[in-house]
Every structure is written in structure tokens, then in C-alpha cells.
Amino acid sequence: EMDESDMQYEVERPFPYSPQAGLFFSMNHEEKIDSDRRSIYVGNVDYGATADELEMYFNGCGHVNRVTIPYNRFTGHPKGFAYIEFSERESVRTAMTLDETLFRGRVIKVLPKRTNIPGFRTTDLRGGWSRGRGFRASRFYNPFRGCHFIRENGLADPWVDSF
């Protein structure tokens, strides 16, 4: 049995390989936004695809700085999408022409990478935008609150009453 420390992840494969690869994590906010503007999201990526294969596939669009393949931290399996960062912003536009093309036998989706805004989520229970510290289920939906009608009519479940 493997624990997380034994697993090796190919989460980021910078191109070219260099000591500066870890600089992404020390970037300021403006540099990260610039990096996102030079990056694309690639969806429906084959689970067996490697960063090298993706780098070669998109290299015709421009110089590839980094390929990121997110992995599930519990299973160690790829999530089926990737991010590719180019040196130039124009490369993103060129890469968009590869949308709905075949890569390893699958039709891929190529979109410009979104910039995540800290504290924002795309949806909440009400279906709109929200800003905050996170979702608290008891505040928005509690299946056990307001169940007095059920209890008064003898329909209560002993499991529910234990809460």
C-alpha cells in the first residue's frame, strides 16, 4: 500500500527544466495574472497523456514554458485536463485553433485559462456568485430544521430525532 509520501506526481513539468521552475509559487499577483493570460486550459485529455506529449503537441503554437497535469491526491490518477503556459500571449490565440482536434484519440477542448480570484466561487446553493469564507451547510439548508410538522404527526424517524 502506498501513502501520499511514496507517490510521485507529475503536477508540474516546466520547460525547459531549470532551477527557476519553482518561481511560479513566488510570483506576485500581477505576475500570476500575466502567466494566466499566456496559458490555456486543455480538457478531455487522455488519462495516459504525459507532459512531454502535450508539450510536443502544442509546441507548434509557440514556446511552451510549463505543462501542468493535475492529479487526484488520493488516487494518484490524472484528472483528465491540463494547463499549458506559453512564453507569449499570441500563442494562446494560436493554440485555440487546436480546439476540438484529436489528441491521443480524444477530442480535446482548448480554452484560455481563467484567473482564479481568491474568495470567489462560481456558484453557490442559490446558483449565483458568492464571496466569502466558504459554504456552511447549516446556514443555507438544514433538512432537520422546521420538521415540527413531521414530528407532530408521528412521521419522525428515530435516526433524525437523534440529531
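Values quoted throughout were computed directly from the atomic coordinates according to the rules given, and no laboratory measurement underlies them. These numbers come from a predicted model, not from an experiment. FYI the Cβ positions are ideal-geometry reconstructions off the backbone, even for glycines, and counts take in every protein chain you see.
For residue 46 and residue 26, what does the FRET efficiency come to when R0 = 30 Å and r is the distance between their Cβ atoms, rounded to the nearest 0.05?
Efficiency, from the Cβ-Cβ distance: 0.40.
Starting from 0.36 nm per residue, how many nanometres of slack lie between residue 79 and residue 109 once their C-alpha separation is accounted for?
9.4 nm
Using a 7 Å offset from the Cα along the Cα-to-Cβ direction at both residue 93 and residue 71, what is the distance between the two label points in nm, to one decimal?
About 3.7 nm separates the two model spin labels.
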